[in-house]
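Down below is the structure, laid out as structure tokens.
Coordinate-derived values only; no laboratory data. Being a predicted model, the structure only gives us computed values, none of them experimental. Quick reminder, even Gly has a Cβ in these numbers, built from the backbone with ideal geometry, and neighbours come from all protein chains shown.
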Amino acid sequence: MRQSVQQLPQAEKQRQSAQIFEQIERCDVFQKAASVLLFWALSDEVITQPFLEKWKTDKHLFLPIIAGNSLQMGRYTGVASLGNINAFGIAEPTPLQPAPTLDLVIVPGMAFDHHGNRLGRGKAYYDRFLPTIAAYKIGVCYHCQYLPALPCNEWDIRMDKIIVGKCGND
């Protein structure tokens with residue numbers, strides 16, 4: 001999966017990412033959501049930064065923060081709110097205590113399947129975090145990351161919806 005994403009030209013990643021977030025904006029669940037957890041995209045993930053900037057004043061946006069083996073959340077109010085860089089090189093805001101109630105979580109993954117299953121990076125941060133919240137879960141991925149089926153375990157949390165970028169020739 002990593003190799004497939006690395007082979008996508010940057011312009012194609014940007015095009016598919018914009019397309020994905022246009023679909024999210026049209027979703028009723030997003031339109032009604034006051035609080036949304038996203039992620040600060042790595043180079044092999046759907047690009048979130050333009051979407052974060054666009055909605056930072058109209059929604060309560062949060063980013064995950066790695067704390068040991070778990071995820072905490074911090075409020076995103078713009079690039080200036082990212083004061084820390086974690087061990088994986090991901091920018092993070094300051095943790096919030098207590099954690100906010102979320103309406104929607106937009107989840108990254110290495111791959112997703114037609115059944116809503118997600119393949120993560122192997123550290124199980126989202127696998128431990130997602131069962132603790134009641135928010136609607138949307139997985140996002142590039143076309144090359146969307147597969148007919150993935151192996152899954154009983155602890156894997158299915159997404160409520162998967163939004164996939166379309167290939168440039170679709």
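Data for the structure
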| quantity | calculated |
| --- | --- |
| Sequence ranges 119-129, 79-89, ranked by mean other-Cβ count within 10 angstrom, highest first | 119-129, 79-89 |
| Net lengthening on full extension, Leu147/Tyr125 (0.36 nm per residue, minus Cα-Cα) | 5.7 nm |
| Calculated P(r) of the stretch 7-128 - Cα pairs past 23 Å, % | 30 percent |
| Extension gain from Ala91 to Gln7, taking 0.36 nm per residue of separation minus the Cα-Cα distance | 27.8 nm |
| Two-site label geometry, Ala34 and Lys56: point separation in nm, points 7 Å out along Cα→Cβ | 2.2 nm |
| Debye-sum result for the stretch 76-170 in log10 I(q)/I(0), which assumes one identical scatterer on each alpha carbon, at q = 0.14, 0.24 Å⁻¹ | -0.63, -1.28 |
| Cα principal axis extents for the stretch 19-81, largest first, Å | 35, 26, 23 |
| Cβ charges +1 (Lys, Arg) and -1 (Asp, Glu), total dipole of the chain, debye | 140 debye |
| Residue among Ala80, Ala34, Val105 farthest towards the positive dipole end of the chain, charges placed on Cβ | Ala80 |
| Rounded to whole Hz, the Karplus (6.51, -1.76, 1.60) HN-Hα couplings of the stretch 82-87, x for glycine and proline | 8, x, 10, 10, 7, 4 |
